[in-house]
Amino acid sequence: MVESKNEFSYQELLQKVKEQELLIEKLNDEKQDLTNFEYFVKDSLDLICIADSNRYFKMVNDAFSEVLGYTKEELLSKSFLEFIHPDDLEATLTVFQSLTESSRITDFENRYIKKNGDFVILQWKANLNTANDLVYSIARDITDIRKTQEKLLSSEKSLNEAQKIAKIGSWDFILMTQELNWSNELYEIFEFEKIPNDPQLYNKYLSCFYPKDVEKLKRNIDNTIANKMPYEMEHKIILPNQTIKWVFCTGVSIVDNNDNVVALKGVVQDITQKKQIENTIKAKEKAEASNKAKSDFLANMSHEIRTPLNGIIGFTDLLLKTKFDKDQLEYLTTVNESANTLMEIINNILDFSKIESGKLELISEEIDIYELSNQIINLFKYEANHKKIDLVLYIDPAVPQFIKGDSFRLKQILVNLLSNAMKFTFSGHIKLNIIQTEEDDVISKIKFSVVDTGIGIETQNQQKIFQSFIQADNTTTRKYGGTGLGLAISSQLLALKKSKLKLTSSYGAGSEFFFIIAFEKISQKQSNPSETTNFEENKSPESSNSLDNYKILIAEDNKINMLLAKTLVKKIVTNCTIIEAVNGYDAVAISKIEHPDLILMDIQMPVQNGYDATMAIRKSKTIMHIPVIALTAGVLNGEKEKCISHGMSDYITKPIVHNDLEKVLHKWLKK
Ligand code: ADP
């Protein structure tokens with residue numbers, strides 16, 4: 001019997017079946033593995049794909065199409081390069097081509113464009129299988145992480161910038177790890193080099209403190225940790241390069257859910273600049289206060305001196321009108337002149353201090369140049385006649401009659417120049433020339449010059465006489481008197497008008513002092529009723545006999561001034577009744593009972609000053625019509641305007657001069 005080769009023994013068959021069963025089992029296991037793998041791939045949150053060497057997807061998982069918004073078919077139909085952000089193409093190709101069996105891709109990032117046009121940032125891991133030349137890749141969508149990181153970075157940058165602008169540095173300190181973090185600006189403030197995790201940072205920080213502040217800081221920190229109390233400190237620091245800065249520091253505690261302090265946080269602000277400004281302001285305020293004290297002192301002192309001087313001038317004026325023998329007349333004239341000189345000096349010193357402290361402001365009012373220059377010349381006519389000197393006023397016909405300026409100060413300068421000329425000239429002439437040098441529709445530039453044929457000034461002295469308290473030579477005071485302030489004041493007044501006092505002089509032959517001022521023109525005379533009616537100065541008084549039997553109230557707190565005013569009024573108004581009031585309040589009350597015909601009102605009085613009293617009079621129906629004549633110190637800027645604005649009818653300056661008072665009384669009593 002021939003046994004077939006295919007015939008197996010039972011044993012062999014059993015063996016074969018077992019092998020078959022094992023193979024099936026293995027195949028089933030592998031099938032199960034494959035199914036498991038498919039489940040993982042399908043449900044993976046990461047993006048999984050297989051690509052071939054032609055850069056086509058062979059497989060993409062659900063996450064891939066979900067994240068990109070394309071169907072699997074759309075993804076599989078194109079080269080994956082078509083989905084990559086153009087800016088990342090080159091880098092992607094480079095890493096893709098660098099894939100070998102041994103070198104895999106890890107953590108490569110690129111951007112894929114989604115179907116809706118947005119992009120996602122993917123982070124890749126990939127392997128090349130050389131057996132089938134396929135690339136197996138897995139990617140994670142890290143768009144949100146990157147965007148958050150970007151935002152964090154930009155907000156950190158903004159914070160750093162804000163800290164830099166505000167010069168505020170911040171810090172935090174973790175108690176558990178003893179970790180101290182400083183912001184960039186804090187390093188800038190302390191001018192420390194930034195060393196990461198510097199264990200010496202806190203000690204370096206403390207080394208910039210003054211010892212007393214170190215103690216205070218430690219106490220504050222202990223208190224903040226123990227009692228959760230925030231702290232604030234303002235102190236100086238000295239940097240290693242010896243620079244001193246001012247800082248303002250705050251610290252607060254940070255607690256965990258169980259209310260335990262786990263960290264401290266705080267800010268440090270560089271307030272050096274603020275401190276410097278504060279110090280400058282303080283110094284300025286101090287200087288201003290002392291300057292004000294000086295000005296107040298001068299103003300008070302000059303007031304105190306001026307009051308008795310007014311008495312001396314006024315009463316000697318009166319006495320001089322009575323009969324004396326020659327010697328007595330000479331003595332009395334000397335007293336009167338000395339008092340007048342003293343008054344002038346006091347006024348000069350007061351002016352000078354006001355200009356120096358920047359308190360003197362010029363006013364702008366209508367000036368009649370013809371009237372003003374004639375008034376000034378009139379002041380010197382008597383002396384010129386006496387000294388047999390020709391006194392000449394020349395006004396260029398081109399000079400506009402009316403201009404805008406400060407008449408009081410212009411007069412002051414010209415009077416000063418003319419009185420110097422008069423003082424230093426003994427023969428020949430003195431001229432006041434007024435010439436227009438330039439004009440346009442609005443401005444007229446006028447040159448004022450005072451020319452004399454006096455002693456002249458030596459060349460070497462021509463500069464220095466413009467300085468305060470300086471005279472041409474040491475003999476001047478002895479020979480001619482004066483304080484050496486006149487030219488300095490005139491120069492400073494002119495500087496306020498952007499003008500300059502100039503001089504040409506020839507020693508022994510004479511001098512010319514001149515200046516040019518640009519005035520605003522007044523095209524046609526603007527008639528100002530209050531001024532024209534109230535302050536006409538040049539009218540000659542009518543005969544004093546015509547004033548008879550009036551009731552006049554004099555408000556004056558100073559006894560000497562009161563006596564002087566009473567004496568003068570009695571001389572001018574025959575049979576007059578004089579009522580006295582020692583302050584503004586009494587003046588108003590007495591006026592309501594007595595109804596005087598006119599009130600002479602001092603300005604500076606206790607209880608109620610002259611301005612307030614006049615306002616009260618103007619408000620009271622029964623006495624509002626009574627003329628009120630202000631008795632002013634006559635040195636303050638804008639006093640005339642102030643009198644008018646407070647309802648006064650007219651004003652005369654102290655010391656009261658007989659003629660001035662006579663004019664005013666005539667004007668207001670006969671209305
Ligand atoms: P004061 O006249 O009060 O001394 P000023 O400042 O007005 O002060 O003048 C300063 C000095 O300038 C005078 O002392 C005098 O020496 C000199 N000076 C001023 N004007 C003239 C002048 N017209 N002729 C000669 N010298 C003059």
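A few comments on the model shown:
- Taking amide H atoms as placed 1.01 Å from N in the peptide plane, the amide H of Y550 lies under 5 Å from those of C576, T577, each 5 or more residues away in sequence or on another chain.
- In summary, the aspartates and glutamates within cross-link reach of K621, defined as a Cα separation below 18 angstrom excluding same-chain residues under 8 places away, comprise D586, E594, D597, D612.
- Based on Cα contacts under 8 Å between residues 6+ apart, the chain shows a relative contact order of 6 percent.
- Set K292/K654; K151/K194; K500/K663 screened for pairs whose C-alpha atoms are more than 31 Å apart: K500/K663
- Each stretch of four or more DSSP H residues adds -39500 (n - 2.57); spread over every residue of the chain, this sum gives -15000 deg cm²/dmol at 222 nm.
- Relative to the 2.2 N^0.38 Å rule of thumb, region 547-669 has a C-alpha radius of gyration ratio of 0.94.
- Normalised contact order of region 215-351, rounded percent, pairs of Cα under 8 Å and 6 or more residues apart: 14
- Reachable lysines from K114, criterion Cα separation under 21 angstrom, eight or more residues apart if same chain: K42, K58, K72, K78, K125, K147
- Rh (Kirkwood; distinct C-alpha pairs) - the chain, Å: 36.4
- Unsatisfied cross-links (Cα-Cα over 24 Å) in the set K282/K642; K359/K404; K167/K275; K31/K115; K216/K236; K431/K640: K282/K642; K31/K115; K431/K640
- Sparsely packed GluC sites (Glu not before Pro) within region 38-139, loop by DSSP, other Cβ within 10 Å at most 10: E101
Read-outs throughout are calculated quantities, based only on the coordinates presented, and are distinct from any laboratory measurement. Bear in mind that the values here come from a model prediction, so they are computed numbers and not experimental data. Virtual Cβ from ideal backbone geometry, glycine too; neighbours counted across all protein chains shown.
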